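This report refers to the structure that appears directly beneath it.
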Amino acid sequence: MPLLVPGTHDQALRDALANPDSWLVACFCAAWCDTCTQYRPKLEALADSQPQHAYAWIDIEDHPDLLGDEDVENFPTLLVQAGDNVLFYGPMLPHIGHLERLLQNLSHDSPALDTGLPDVKALLAA
């Protein structure tokens, strides 16, 4: 599945997130961030190789509503959400192998995190 961008791929996001087994893997980024620009092709390749998850590229300046009152200060900041449970939320070094290992080690049974984020998956699926 390709890397999906809110506002550009809304229907594809809704379709991908309609599957209850699909995880949302969202990268919060900014257009001006050089690190994000370098990270994006690697995330696109990972998204293509793992069609069971919905990968979203979310520019925080275009979609501040998806963060609620949370601030993103470090890029990339990643969110992994299964159903209504946030399994990971935080900055990650821009090495795609770190995200690959994280996804291999998480499961639906992983403990949910309490964040200040709104339900990003539900907002994207609406």
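The values are calculated or read from the model by the stated rules, or taken from the named source; none is laboratory data. Quick caveat, the model's predicted, so the values are computed rather than measured. Here the Cβ is made from the backbone with ideal geometry for all residues, glycine too, and neighbour counts use every protein chain on show. Heads up: the accessible areas ignore ligands, DNA and RNA and are worked out on the full protein's heavy atoms, side chains in. Shrake-Rupley method; radii C 1.70, N 1.55, O 1.52, S 1.80 Å.
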* Go ahead and set up a Gaussian network model of the chain, Cα springs under 10 Å, then flag whichever of Ala12, Ala56, Ala31 fluctuates most. => Ala31
* Classify the chain: rounded, prolate or oblate, from the alpha-carbon gyration tensor (a ≥ b ≥ c, eigenvalue square roots; a/c under 1.5 rounded; otherwise prolate if a/b is larger than b/c)? -> rounded
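Evaluate the relative contact order of the chain (contact order divided by residue number), counting alpha-carbon pairs under 8 angstrom at least 6 apart; express in whole percent. The partial results should precede the final answer.
Numbers: 212 pairs, mean separation 39.7, N = 126.
Rounded, it is 31 percent for the chain.
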* To do: For every other residue with a beta carbon closer than 12 angstrom to the beta carbon of His108, add +1 if it is Lys or Arg and -1 if Asp or Glu, then tell me the sum.
  => -3
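Using a 1.4 Å probe over the heavy atoms of the protein chains, calculate the carbon and sulfur portion of the accessible area of the stretch 10-125 as a whole percent.
Working: 2770 of 5920 Å².
Exposed carbon and sulfur together represent 47 percent of the surface.
Looking at the stretch 10-125, what % of its DSSP beta bridges pair antiparallel, to the nearest 5?
Values: 13 of 19 bridges.
Counting DSSP beta bridges with both partners in the stretch 10-125, the antiparallel share is about 70 percent.
What accessible area per residue comes out for the chain, rounded to a whole number of Å², with a 1.4 Å probe? The partial results should precede the final answer.
Values: 6430 Å² over 126 residues.
Solvent-accessible surface per residue comes out at 51 Å².
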* To do: For each cysteine in the chain, check whether another cysteine's C-beta sits under 4.7 Å from its C-beta; list those where none does.
  => Cys27
* To do: Go ahead and collect, in residue order, the members of the stretch 21-44 whose backbone nitrogen is under 15 Å from a label point 7 Å along the Cα-Cβ direction of Thr8.
  => 27-33, 36-44
* **Dipole of the chain, positive end: most advanced residue of Leu117, Leu67, Asn19 [Cβ charges, Cα centre]** => Asn19
* **Mean ellipticity per residue at 222 nm, deg cm²/dmol - from DSSP H runs of n ≥ 4 across the chain, formula -39500 (n - 2.57)** => -9500 deg cm²/dmol
* Structure fact -> Ala31 neighbourhood, Cβ < 13 Å, K/R = +1, D/E = -1, net charge -3
* To do: Go through Thr77, Thr35 and list them by solvent-accessible area, largest first, probe radius 1.4 Å.
  => Thr35, Thr77
